[in-house]
Amino acid sequence: MIRTITIIIIFIFVLFPSHAIAQESFVWVAGMEMKIGMKKNEILSKIKNNYRVSKFAPGDAWLIYQKDDKANEAIGQVAFQNDKLVWASSYWGSFSGEATEFSKALYGLFTNLLNSGQRIIKISTESKQSPGISVSSIEFKFQDKVVSIDIWQGKKTKNEVSIQESFHHLKEN
């Protein structure tokens, strides 16, 4: 009986692979989709067309810069082992001032939720626009809580970011 169920489950996964199983992880660096195992010469030759690279640290790691960047701020990194990509990162920015306070609040919120046993079930994004204002949202769904980060931008309104934690007892279909 268990053997039959196992064979049926394997058959279902082969015929109807889930999106998560079928999709390979990647990160965008320097306008290029990077996947583990890509060839070093292919990546570096494409990047060098539009970006400046600089080897750093022991091993085979490279920093990536805009060609005309006078501030010398890296926009990403790649690392290789046996001429294959083993690590890639893309820098989204460095922030100070009020952004530091925002980050502390977000860190505290997630730390409390994770320490209380909550686990993230789903992350989604959404944008809404109307004349003069746009709202971009990131929603982190936990078992029975939701964390929403809303970014408000407008011509006649103050640009701001809000974080909200809410409790829910809704069952998703």
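Any read-out appearing in this document is the output of simple, stated calculations on the displayed coordinates, not a laboratory observation. This one's a predicted model, so the numbers in the text were calculated from it and none came from an experiment.
When a/c is below 1.5 the answer is rounded, else prolate if a/b is larger than b/c, else oblate, so apply that to the stretch 98-167 with a ≥ b ≥ c taken from the square roots of the Cα gyration tensor eigenvalues. Oblate, since a/c reaches 1.5 and b/c is not below a/b.
Between GLU73 and LEU44, the contour length at 0.36 nm per residue exceeds the Cα-Cα span by 8.6 nm. The per residue volume of the convex hull around the alpha-carbon atoms of the stretch 83-136 is 204 Å³.
Using Stokes-Einstein with the Kirkwood hydrodynamic radius over Cα pairs, what translational diffusion coefficient do you get for the stretch 27-173 at 37 °C and a viscosity of 0.692 mPa s, in µm²/s rounded to a whole number? It diffuses with D of about 176 µm²/s by this estimate. Cα centroid distance between the stretch 90-121 and the stretch 34-56, in Å? Between the Cα centres of the stretch 90-121 and the stretch 34-56 lies a distance of 31 Å.
Relative intensity of the stretch 25-90 on a log10 scale, I(q)/I(0) at q = 0.17, 0.23, 0.26, 0.27 Å⁻¹, equals -0.51, -0.95, -1.21, -1.29, per a Debye sum over C-alpha point scatterers of equal strength in the absence of solvent. The aspartates and glutamates within cross-link reach of LYS40, meaning a Cα-to-Cα straight distance under 16 Å and a gap of 8 or more places when in the same chain, are ASP60, ASP83. In a fully extended conformation the segment linking ALA105 and GLU139 would gain 10.7 nm over its present Cα-Cα distance, using 0.36 nm per residue.
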